[in-house]
Structure formats: structure tokens, C-alpha cells
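One structure is given here, and the rest of the page talks about it.
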Amino acid sequence: MDDSVLQSSRNMESSSSTYTDIDGDHPKAIIHIDIDCFYAQVEMVRNPELRGAPLGIQQKNIVVTSNYEARSFGVKKCMLVSDAMKVCPNMKLVNGEDLHNYRTASNKIFAVLQCWKCPVEKLGMDENFIDVTNLVQEKLKSVNTAGLAVSGHTYSEPSMECPCGCHARLRIASQIASEMRKKIFDDLGYTTCAGIAHNKLLAKLICPLHKPNDQTTIYPEHGTSFMSTLSSVRSIPSIGSKTTETLISHKIITVSDLQEAPLEVLKKIFSSDMAVRLKNLGLGEDNTPVKQTGKPQSIGLEDSFKTVSVKSEVEDKFSALLQRLLVLMREDGRIPVSLRVTLRKRDAKRLSSHRESRQAQISPSIFTLNNGLLTVTDAGQQKLMSIVMRLFNKLIDLSKPFHLTLVGLAFTKFQERMTGRSSIVNYFMNDISVQSVLNLQNDCDTSATSMDYSAVSPSSSTTTDLSDAEVEPSPKKPKKVNWIAKRRCLAKEEVASPSKLKVGELRLNSKELEKVSELRLNSRDRSLTPRASPAKDNLSDASDSMKDIEEGACEDCPSYVDKEVFNALPDEMQQELKAMWKNPAGADKPRSSPRKNKAKTNTIMKYFVPQK
DNA sequence: TAGAGCGAG
DNA sequence: AACACTCGCTCTA
């Protein structure tokens, strides 16, 4: 039985692993949603004339994707245009080299999925994971699930009831998946596929079983047997070309091979953790969480070329990259604290990899917020360039000849985004950077949902708001701080096109203005990347309205600070906060050990924590 | 913590 | 198809 295999593998790893799941316990419910032939659908939504006939999306001389009509003629992904036209002479072609519309569509879909108030993780432009575990639990409380059937296909009927209750949870999740797909179709016009499982791995892999415009649920008991139907280990997400090579060199080629490989053998090839992970993946086990997608953790650009061997040319390349990068930074709105220089030396052996990089802290004073807009003076840009070239000198010995094929520039840390309850700065924020985007474009129309258990349909769960949860009050916290993003009711069209919302928000008041400005600036326009911020392309029309924002009394304050609150603080505390903002590295560790909440003495925390 | 490597789309 | 681009995660020193 599958469980016995799981059992034995778990026992082997349990000694060194922190894995805490109980065997046979499958508490989560994960949905993976994939937009059918994404580019082609975007074009057909834009221009309905294209529907019903074969359509190909062209980039350069290649048909990168096509609609299902074209596929029925044998048009494949990444086919040469000439070959595609041979098998499908009537196919219409649309140029898809400008990704702007695709990004916009992707963000709209992401925004719709946010309506369910569950963690949503974007994977590329056309895939999303949603962890609906909590929503399912709510529904279980309020709904009799006895006669509830699965919505859509089932990979395989369960042989018996799982004692942990996952079958009922997954059935509910399948209903939620149906709702989500329906809303995406009703609001935006896109058909989708979904996979429903108790983990991300199975949800993603089961998703394409019934294509297009359908969904599939798989129960935990079939995880291992389903995985064994995959011919190559390469088809497992997170097993890429390198890992596949290594596995194959040890005669592990199919997923079945991986399942049967003893953990001790894998541990001789890989690190212990990696071996455990691989073994579990092979068996269909995966405990990686769905991570809410928000702002990117680094913003960078790179440029590749045949060869650059002169330092003045290098300087030109970096300068051009920096100019472009500063535009992106302005759109993002956050103040960077660290800068990384990357380059690739010409190497006969390896063409792609072998990048090298150096990074350095940068003084945040290079950047200033003018009327909420991130700006850099000419002197600041020169300063940045000198840092860049200093890092470049670390990488290249200029006394010897060099040949580069790529240079890159990235800002890698930001002042904003001090999340976590430990950060005192949270108490002065009037914007929760990531979640507030969610809140503002949220409030999806509940009447549109088809589910009969209205108590837990999207956005009707008014009891819990993410912003409320995030700023959970602490006993010592100063009362009455005006940080909670206001929630507003929107019509459906406004959800699909949040620009109206943002403009509306601008009419509120000056303090709200700055918050909205950050939301707007959150709207970076980047290419082909995951982690793009939601609902961005729709907001550019709000930018002109940002010109005349008043300057607050605290010139040094970061933009997220409620200046009214700041000015009400004791002078000593104001000074300390200012010092902290001047030297964020010392005060703020955004992503390090969020659990540890050490109240450092001799900081502003002493105002809130009892002293011994 | 920085830097390299792998993986994703 | 192979490569270009951008970003996240993990491992190691």
C-alpha cells in the first residue's frame, strides 16, 4: 500500500529532519490554476474576431503558442512559422513580442484570485497556487459536506475514507476551484485548468490531466502511484537539468527509479536535506508552503553581448543599465539599500552560467522621496556609478585583458517592507506594503459566486481582514494609530480595472494620498518575470495626480510613516527613529529569523517593553 | 552575510 | 530549440 511506502521513507528521514507532519495526515488543500494557451487567449479576449479560427502567437520566427483550433491541425509550441503554416495554412498570426498586454492580463487574474483571501503565489504569468486550507476549514464548520461531490474530474476514486478527513476537504477545495475558474471566466473571459491536491507538487502535476477548461482532483492515497506514471525525473518541478543529469548518471531515470532508490543511496549523491527532498518528491510528498506573492526582493537588469574588453565600454553599459534601473526603482517606490554588480566572463567551456557578482551597501541618502516620488540627483547617480565601478574592480583585474559577455546591475535590499510584528516601525506605518494592495483592490462582488454556502464565499468573510491580522495589537503599543487600510466596495468592472479605484482613492485626503502613491508605484512594468506586482499596468493613469502632494513635517521620514503619529512622539524617540532610518541595516533585518523577537535594550523598544 | 549555483517561466 | 532575461531559494564558506 502507498502508505506503507510513505511510512518507511518517513521513518528513515525522521532522525535528522524537522518534518513534523504525522503520517497519514494531509491537512492542506492546494489549488493550482493554469490559464489555457495564455498568450492566445489574451489576444482572443482583446480581439474576439480571432475566435473560432486557428491562431498562432509569433515571436521572431517562431510560433510560441497557439489556440486549440490551431493545435488540432498539429501546430506545436515553439514551432517555426514556416513549418506551422505548412500544417495549418489558414492560421492567423499575431505578433506577441510585446509582453505588456500579457502582464496586464496576468495581474488581473492574480487580482481575481486574491478575492478569496487566501495566500496566492504567482508562478510565471499563467500559473497560480492558492492555499485554500483555511477557507476549507471555515466551510467545514458551516456546511454539511456529507453529500458534497467533487467538482470536475477525479484522478482516481478513493478506495476508502482517509482518517484525516482530507477527502472532504479536497472535495470542498474542488468546489472552490470551480468558483475561481468561473469568476476568472465571467469577469475576464479566460478559460483555465486547475489541479486540486493536498500539496503543491501534486496540484501542479495533476492540473494538465484534463485540458483545456477543466479540473482534476487527486487524493493523497494516489500520490505515489500517480508519480510513478511520470516517465522522467525531469518532469518533477524543482528537478532541473543538473539534478536530472546527476540522477541519470546514477541510473535513476524514471520517477519509479527515484521511488525505489534507497534514501541512503541518495544521501551518498546529494546532501542529506536534498536527498530527503528528492525522495519525498518522487513519492508525491511536498511540504513547501504557498508563499503570497508581493513585491520582488530584488530588482535588476542585465545585458549580454558578444564581447566587451574595454573598461570605458563597460562603464557605458553599466551607465545605461543604471538609467533604466532607476526608472524601475521609481516605479517600485522602495528605497534600495544594497547594490549588486554581476558579470560573465567569456569562457570557452561554459557559455551560460559562471556569473560572478559583488555587492555593497549603499547610503539610502542617495535616494530621496520628492512628493512621494523616488528621485536621485545627478550627484547621486555619479555616486552610484562610482560604487558600481568599485565593485567592477573587485571582479576584474584591470592590469590584465578581460572579455565580458554580460553585465548586470541589481538593487537587492529595500528600506521598506519591514514586516513582522517585531518591527517597531510597523506601529507607525500607514501602509502595509504588500497586503494593502490586496485590500484595496479587493472586495470582490459576492453575489457573483455560485456556491450555495454563502457564509464563506469570497470576501464575505468580513470577520478577518489581512491588515487587521497583520497589525494584531500588542499590549504595549500606543493606541489609536491610523494605519489600517480602508476597505471599499467596488463594482465588478472596477476590480478588473483597478485604475478607477486608485483615482478614486486620490480624492480621499492627503495622508491617504501617500499610501495610494506607494500602491501606484508598486506597479512596476517588468518583462516575463514571476513576482510582478498585482494590478500594475492599470494604474499609470493615476501618476499625474500625484504631483501636488504636500510635504510632511518630518522631512527624513520614510514614506510609510504616519507623520502625525511621528510628530506626536517624544523628541528623543523621533531622533532615534531618524537614526534608524539613516542606518536601516542596523535596525531592520527584513527577512532574518522572523520568529526571534528580541527586544534590544537601548532602542526605541525600551519605550514599549518593561525594563528590568 | 556574501556569493555561487540551480531552477522556473 | 536554445538562449536571454529576471527573480527566488538553498547551500557553503
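Amide H contacts of A:Thr65: A:Ile57, A:Cys78, each under 5 Å away and 5 or more positions distant or on a separate chain (H built 1.01 Å from N in the peptide plane; Pro and chain starts excluded). Measuring between alpha carbons in the structure, the pairs from A:Lys295/A:Lys383; A:Lys183/A:Lys291; A:Lys200/A:Lys279; A:Lys279/A:Lys413; A:Lys60/A:Lys211 lying more than 24 angstrom apart are A:Lys295/A:Lys383; A:Lys279/A:Lys413; A:Lys60/A:Lys211.
Derived value for the stretch A:56-204: Kirkwood hydrodynamic radius 17.9 Å. Basis is the mean of 1/r over every pair of different alpha-carbon atoms.
I'd like the carbon and sulfur percentage of the solvent accessible area for the stretch A:299-414, probe radius 1.4 Å, heavy atoms only, ligands and nucleic acids excluded. Here carbon and sulfur together make up 50 percent of the probe-accessible area.
Loop-located GluC sites (Glu not before Pro) across the stretch A:151-250 with a Cβ neighbour count of 11 or fewer within 10 Å are A:Glu161, with loop assigned by DSSP. For the stretch A:142-151, the Karplus equation 6.51 cos²θ - 1.76 cosθ + 1.60, evaluated at θ = phi - 60°, returns couplings of 9, 10, 7, 9, 4, x, 6, 9, 5, 8 Hz by residue, with Gly and Pro reported as x. Taking label positions 7 Å along the Cα-Cβ direction at both A:Ser272 and A:Phe185, the computed distance is 5.0 nm, reported to one decimal.
The string of couplings for the stretch A:283-297 from the Karplus curve (6.51, -1.76, 1.60, θ = phi - 60°) is 8, x, 9, 7, 10, 6, x, 6, 9, 4, 7, x, 5, x, 8 Hz, one whole number per residue in order, with x for Gly and Pro. Backbone N atoms of the stretch A:261-294 closer than 15 Å to the 7 Å Cα→Cβ label point of A:Ser231 are not found in any residue.
Using r as the Cβ-Cβ distance of A:Val45 and A:Ser386, and R0 as 45 Å, what FRET efficiency do you calculate, to the nearest 0.05? The partial results should precede the final answer.
On the way: r = 48 Å, r/R0 = 1.07.
Rounded to the nearest 0.05, the efficiency is 0.40.
Report, in whole Å, the centroid distance computed from the Cα atoms of the stretch A:75-122 and the stretch A:134-151. Answer, in whole Å: 34. Of the Cα atoms belonging to the stretch A:48-129, the radius of gyration and Dmax stand at 15.2, 47 Å. Ranked from largest, the principal axis spans of the Cα set of the stretch A:172-315 equal 62, 49, 24 Å. Applying a DSSP loop filter and a limit of 12 other Cβ atoms within 10 Å to the trypsin sites (Lys or Arg not before Pro) in the stretch A:175-267 leaves A:Lys251.
I'd like the FRET efficiency for A:His354 and A:Lys211, computed as 1/(1 + (r/R0)^6) with the beta carbon distance as r and R0 of 45 Å, rounded to 0.05. Before the final figure, lay out each step's value.
Values: r = 38 Å, r/R0 = 0.85.
Result of the calculation: an efficiency of 0.75.
Above 17 Å, the calculated P(r) of the stretch A:299-414 contains 53 percent of its Cα-Cα pairs. Solvent-accessible area per residue in the stretch A:299-414 equals 50 Å², computed with a 1.4 angstrom probe and all protein chains kept. Simple spin-label estimate for A:Ser241 and A:Asp98 gives 3.2 nm between the two label positions (7 Å along the Cα-to-Cβ direction from each Cα). Label zone (A:Lys60, point 7 Å along Cα-to-C-beta; backbone nitrogen cut-off 13 Å) within the stretch A:88-103: A:97. Each residue of the stretch A:113-121 was assigned a 3J(HN,Hα) from its phi angle through the Karplus expression (A = 6.51, B = -1.76, C = 1.60, θ = phi - 60°), giving 5, 5, 4, 7, 6, 10, x, 10, 10 Hz with x at Gly and Pro.
Set the bar at 25 Å for Cα to Cα. Now go through A:Lys117/A:Lys141; A:Lys139/A:Lys182; A:Lys267/A:Lys394; A:Lys117/A:Lys204 and name every pair that lies beyond it. Please report the intermediate quantities before stating the final value.
Working: A:Lys117/A:Lys141 17 Å; A:Lys139/A:Lys182 19 Å; A:Lys267/A:Lys394 37 Å; A:Lys117/A:Lys204 21 Å.
Correct reply: A:Lys267/A:Lys394.
A DSSP coil position with no more than 16 other Cβ atoms inside 10 Å describes the following chymotrypsin sites (Phe, Trp or Tyr not before Pro) in the stretch A:32-82: A:Phe73.
Spin-label pair A:Gln361-A:Lys76: with each label point 7 Å from Cα along the Cα-Cβ axis, the two points sit 5.4 nm from one another.
The values are calculated or read from the model by the stated rules, or taken from the named source; none is laboratory data. These numbers come from a predicted model, not from an experiment. Heads up, the Cβs are rebuilt from the backbone with ideal geometry, glycines too, and the neighbour counts pull from every protein chain shown. The area values use the complete protein model at the heavy-atom level, side chains included, leaving out ligands, DNA and RNA. Shrake-Rupley method; radii C 1.70, N 1.55, O 1.52, S 1.80 Å.
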